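The structure appears right after this line, and notes come after that.
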Amino acid sequence: MIMLATMVHAQTGNLSITFTPKNGQPVVLKLSQPQLKFDNPHGYWFVNPHNGDRHMQYMPDAGYGDRAADIAFITFNEIVNDFDIYETPWNDSNQLTIQNKVIGITAPENGKPMHIHINSFTASEINFTISGMARSRLIKESSNNWTPGTIEGSGHFFREPKYIQSDVLPGCDCDPTIYATVYDEENNVRTTSACENAIKNKIFDAVQKAMAPLFTNVAYKGSPPMSTGDIDISMIAGHIDINVPVKDRPYCSGDYRHNWLTGIDAQKKIVESLDAYGLRFIKAPESNDKIFGGPDAQQAKIKRMSSFMDSINKLMIAKKINSDQFNKALKDFGDDMNTGAPDLKKMEVEHNLYLTVIVNPTTIGEFQQYLTDKSKTLIQHNVKGAVYDIFCPQKKDDDGNWTGNKEAVYLGKFLPAVITRSGYSDVATAKAVYPPNANKLSVYNIIIKMEGARDMIDKALVNIDFNAFQELIIKQ
């Protein structure tokens, strides 16, 4: 009974600090914390056995602003047992703030620092002391109104000694344990495991290899200005830049530059990437002189317009025509002047191409291809190794806008494509198939979507290295 009571008591963590302001009375802030769950994003720490890195992130649960109790924000990123904390931009990897609705206490902005000493740091327990300098302010006062002082205290927390794990990437001896230096429930992100990093790196390498011929054989490489027909290829804003050198090391290597955060529950579902890789093709048009008929033609139009306006204004002043006749004459003349003028909206479609790669599509929006003309849509088998590809030609809308040619290539395993009505649009839906017990870190299906000029779609289809995608896909 005594042992059980001692064990229960030992698993209740606490933080207690005493702040003594300069020329003031001491202020004590305390909080207690039951043993934290191993996957609690509000209280999490780890010791990485591979490199000795130690990280702690502790904060109140969501909705803390409505509570009067003492709360704390603590972040440690240190291998050593003794370190100092300043509230400065160049020392933001460690921080400690404790507050309630009345007062907030944190590290000093300058001068002598707040000091932290780690007594123990294991997967299940962290114990530290606080000393040195600090500063305080009333929560309702200006953020610049700080009072300097000294601080003494300690913290002792417990958690379940477990970590979340991802799947193991096939063919890669990687560590599936998730040592999260970032664990952000509000933004639904955390640090990836080594195996999750490896699959991201593997996908990056395959996409880069597949698209490399486009930059080599299609992309314009001369000096500005571009000539008519030259094609420039760039990354679509917000997409991952594949036009960078591949590191000379295997994707399983832990020292790899293409690492990123992932969703908190990513280990529970197949890795997916919605439009993460995007390219834009821009083809240089003819010169304005050729498009608009050259300077002589433009000058002739200006003279003709000047003469017309002079004549119609005189008729109006002489009351030979009324306002309705005046407006109709203006419209008819404008329509006549625009006869033979280029369709700039059509030109835009025919001089651009947008290409996106979707890895392991899982949502209906990724499966669907919105069609411009159902009657002219073709489900084809023109791309070697693809299940099928769907082509739909460009079309002019009733409002005068143009929608470009559309081509979607499906690699992997997809159900037969079905053309149906969705709201006011016709769509082709091609749903991906995944094995029931699929490894979460495997690639099974890929969709390559293109929209824009037909000639640039054809260039892309000829130059994309589809074998690189096929090698990425695990055969079912």
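So which of 104, 111 ends up being of a type outside the set (Val, Ile, Thr), in a strand (DSSP E or B) and out of contact with any Cys (no Cβ under 7 Å at 6 or more places or on another chain)? It would help to see each step written out before you state the result.
Working: 111 fails: in a strand (DSSP E or B).
Matching residue, one of 104, 111: 104.
I'd like to check something: does region 414-421 contain any residue that is buried (at least 21 other Cβ atoms within 10 Å of the Cβ) and within 28 Å of the chain's Cα centre (by Cα)? Step through it out loud before you land on a result.
Looking only at region 414-421, we keep the residues that are buried (at least 21 other Cβ atoms within 10 Å of the Cβ), and these are none.
No, region 414-421 contains no residue that is buried (at least 21 other Cβ atoms within 10 Å of the Cβ) and within 28 Å of the chain's Cα centre (by Cα).
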Could you list all residues from region 375-399 that are in contact (Cβ under 8 Å) with a residue 60 or more places away in the chain and of a type in the set (Lys, Arg)? 384
Among the residues of region 319-348 satisfying the criterion of being among the small types (Gly, Ala, Ser) and at pLDDT 70 or above, which is surrounded by the fewest Cβ atoms within 10 Å (Cβ to Cβ)? 323
Identify, by number, the condition in (1) in contact with a Ser or Thr (Cβ under 6 Å, 6 or more places away or on another chain); (2) at pLDDT below 80; (3) closer than 25 Å to residue 175 by Cα that residue 275 doesn't meet. (3)
Filter region 186-215 for residues that are in a loop (DSSP other than H, G, I, E, B) and surrounded by 15 or more Cβ atoms within 10 Å (Cβ to Cβ) and give the result. 192, 193
Across region 114-148, the tally of residues that are on the phi < 0 side of the Ramachandran plot and not in a loop (DSSP other than H, G, I, E, B) stands at 23
From the list 464, 446, 364, pick out the single residue that is surrounded by fewer than 19 Cβ atoms within 10 Å (Cβ to Cβ) and among the aliphatic types (A, V, I, L, M). 364
Determine, yes or no, whether residue 188 is out of contact with any Pro (no Cβ under 8 Å at 6 or more places or on another chain) and on the phi > 0 side of the Ramachandran plot. yes
Condition first: in contact with a helix residue (DSSP H, G or I) (Cβ under 9 Å, 6 or more places away or on another chain) and surrounded by 12 or more Cβ atoms within 10 Å (Cβ to Cβ). Now tell me which residues in region 216-234 satisfy that. 218, 231, 233
From the set of residues in region 166-183 that are within 18 Å of residue 56 (Cα to Cα) and of a type outside the set (Val, Ile, Thr), which is surrounded by the fewest Cβ atoms within 10 Å (Cβ to Cβ)? 179
Cβ-Cβ under 6 Å pairs, at least 6 apart or on other chains, region 26-48 side closer than 13 Å to residue 160 by Cα, far side part of a loop (DSSP other than H, G, I, E, B) and hydrophobic (A, V, I, L, M, F, W, C): 39/164
Those residues that are of a type in the set (Lys, Arg) and over 26 Å from residue 442 (Cβ atoms), I need them from region 202-249; list them, please. 221
Do we find a residue being farther than 30 Å from residue 229 by Cβ, in contact (Cβ under 8 Å) with a residue 24 or more places away in the chain and under 24 Å from the mean Cα position of the chain (by Cα) anywhere in region 462-473? yes
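The values are calculated or read from the model by the stated rules, or taken from the named source; none is laboratory data. On a predicted model such as this, the values are computed, not experimentally measured, just so you know. Cβ sites come from the backbone with ideal geometry, for glycine too, and all protein chains shown count toward neighbours.
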